[in-house]
Amino acid sequence: MKEMKVFILLVLFLLIFSCKNNDFTIDATPSTKDSVWHTFKIKNENIRVLETNNQYFLAEDIVLSKDQFNYLSYFNAEVKPKSLVTSDFIKLWPSGKIYYTFGSNVSNTLKAEINSAMSWLSSNTPLSFALKGSSNSNYVTFEASNVNQSPVGMIGGMQVIQLTSNASASTAIHEILHSFGISHEMGRNDRDNFVTINTSNIYADKMHNFNKVGVLSSIDVGLFDARSIMMYPAFTTNGTFAKDINQPIIIPNNSNVVIAPSYYPTATDLLGINMLYGNEKPYLDYNVTYNRIYDDWQSGSYDIEAVYTFSLYADNNKTIPYVKPYPVPVLIEYYWEVIVNRVEDLPRVQKQSFIIPAGKNSFTVYGKDNVDRQFGEIYNMEKLEYRPIYPSTHYR
Ligand SMILES: [Zn+2]
């Protein structure tokens, strides 16, 4: 079913070219002589944690609480000690709301970038922010620092997001998303299918940045996204990561793929955020119209134009449009079965995510493709289904 392919390529094209230039930077881990490496073997993956200055780093910019470190120890222990683990590895913020305050060293310039970051997230996601009041015991303090760094998830009590004085709104969003519990894209379970970590060009003391943290708790949402705001760039400029900055630290398995984080969260980033913090339970409806223009009647090859419209409804009868003040990402699975020359092929499954814009309940995609048929080939589409994965009343 080649019609699928063009649809997917088109959406990827839209995603890739709607992104602004990235200015996300990777900062150096504070280095001291007292650094200790801890390696935890979890589901056959080595998770490296750097202990330095009494802090635990799961990645360059992700600092773990003592509880989270204990959680890894517990996970890893041959004999499980009792009462070591008090919580899940990642805790979410109730109602997706972070209470925050600014440290006294935060300049007005940096404050403006942080406010811009929070404003973007408030209007494009279910996440929200409010200045800390006296009754808010769990909150974030933004501090100016020489590194960009955040805890992962809600730690409990006060937690600090550190940002450099010249950090952009994009970097602030990246660090804030860590505090909401979101990890790096290159830490996904399935990342090896899409990229190769160029370990020979990476300093050994930076390898924790390529921890496959997906094994800890998170599920891989949607497709791997080399343009995720949570992705590290293929090339680094400051020389703390790469032995040779002219060589990449991450290589795409498909040479057409560009590995560079986007300035703002992408469709798949929004999907991840909404799966963690949205409470969407709408019904997905779709409508597809095909227009076939035959170019070879003998073989049955044709050009095809397709218009796909996906709509969300609040009710099962699909009469009440489901509209949100923020964009609602959709993840669907195409499932189709074909019989080629009377032989049943394996069922095919492909996932795709796209965004229903804020204030709207539907999204239309135009696709075009050429379908080549061999002369005499008998090709029957037995079944074609669009299965919503998110949002879905069947999800959760
Ligand atoms: Zn990060």
Worksheet, complete the sentence: Distance in Å, no decimals, from the C-alpha centre of segment 161-182 to the one of segment 323-396 is 35 Å
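Based on DSSP H runs of at least 4 residues, each adding -39500 (n - 2.57), what is the mean residue ellipticity at 222 nm of the chain after dividing by all its residues, to the nearest 500 deg cm²/dmol? Please list the in-between numbers first.
Numbers: 5 runs with 66 residues, N = 396.
Theoretical 222 nm ellipticity from helices: -5500 deg cm²/dmol.
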Item to complete: Can you bin segment 218-301 into rounded, prolate or oblate? Criterion: square roots of the alpha carbon gyration tensor eigenvalues sorted a ≥ b ≥ c, rounded for a/c under 1.5, prolate for a/b above b/c, oblate for the rest.
Response: oblate
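Could you order peptides 243-255, 325-337 by the average number of other Cβ atoms within 10 Å of their residues, highest first?
Details: 243-255: 14.4, 325-337: 19.5.
So the peptides 243-255, 325-337, ranked by packing, come out 325-337, 243-255.
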Item to complete: Counting only C-alpha contacts under 8 Å and six or more residues apart, can you give the relative contact order of segment 24-276 as a whole percent?
Response: 18 percent
Worksheet entry | Top of Ile90, Ile114, Ile304 by mean-square fluctuation, Gaussian network on the chain, Cα under 10 Å | Ile304
Fill in: Top positive-direction residue, dipole computed over segment 273-331 with Cβ charges, set Ser299, Gly278, Asn316
Gly278
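Assuming 1.567 mPa s and 4 °C, estimate D for the chain with Stokes-Einstein, Rh taken as the Kirkwood radius over Cα pairs, in µm²/s. Display every interim value, and only then the final one.
Working: Rh = 23.1 Å.
Result for D is 56 µm²/s.
Mind checking segment 246-351 for trypsin sites (Lys or Arg not before Pro) that DSSP puts in a loop (not H, G, I, E or B) and that have at most 14 other Cβ atoms within 10 Å?
Values: sites: Arg292, Lys318, Arg342, Arg348, Lys351; in loops: Lys318, Arg342.
Those that pass, being in a loop and sparsely packed, are Arg342.
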Item to complete: Measure nothing fancy, just the Cα-based angle from helix 108-124's long axis to the longest principal axis of the chain, in degrees from 0 to 90, nearest 10.
Response: 40 degrees
Practice prompt. Report, to the nearest whole %, how much of the accessible area of segment 24-276 belongs to carbon and sulfur atoms, 1.4 Å probe, protein only.
Written response: 48 percent
Worksheet item: Anyone know which of Thr164, Thr125, Thr319 comes out most mobile in the 10 Å Cα GNM of the chain?
Response: Thr319
Worksheet, complete the sentence: Expected unfolding gain across Thr109-Asn287 under the 0.36 nm per residue rule, minus the alpha-carbon gap, is 59.3 nm
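Hand me the chymotrypsin sites (Phe, Trp or Tyr not before Pro) from segment 211-305 located in a DSSP loop with no more than 12 other Cβ atoms within 10 Å, in residue order please. Can you show the working numbers first?
Numbers: sites: Phe224, Phe235, Phe241, Tyr263, Tyr277, Tyr283, Tyr286, Tyr290, Tyr294, Trp297, Tyr302; in loops: Phe224, Phe235, Phe241, Tyr263, Trp297.
Here the sparse-neighbourhood loop sites are Trp297.
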Worksheet, complete the sentence: Placing each pseudo-label 7 Å from Cα in the direction of the beta carbon, Ser122 and Asn254 end up separated by a distance in nanometres of 3.8 nm
Worksheet item: Where the centroid of each part is defined by its Cα atoms, how far is segment 122-152 from segment 272-298 in Å?
Response: 36 Å
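The values are calculated or read from the model by the stated rules, or taken from the named source; none is laboratory data. In this text, all values refer to a predicted model and were calculated from it rather than measured experimentally. Here Cβ is always computed from backbone atoms with ideal geometry, including for glycine, and neighbour counts include all displayed protein chains. In case anyone asks, the SASA skips ligands and DNA or RNA and just uses the protein heavy atoms, side chains included. Shrake-Rupley method; radii C 1.70, N 1.55, O 1.52, S 1.80 Å.
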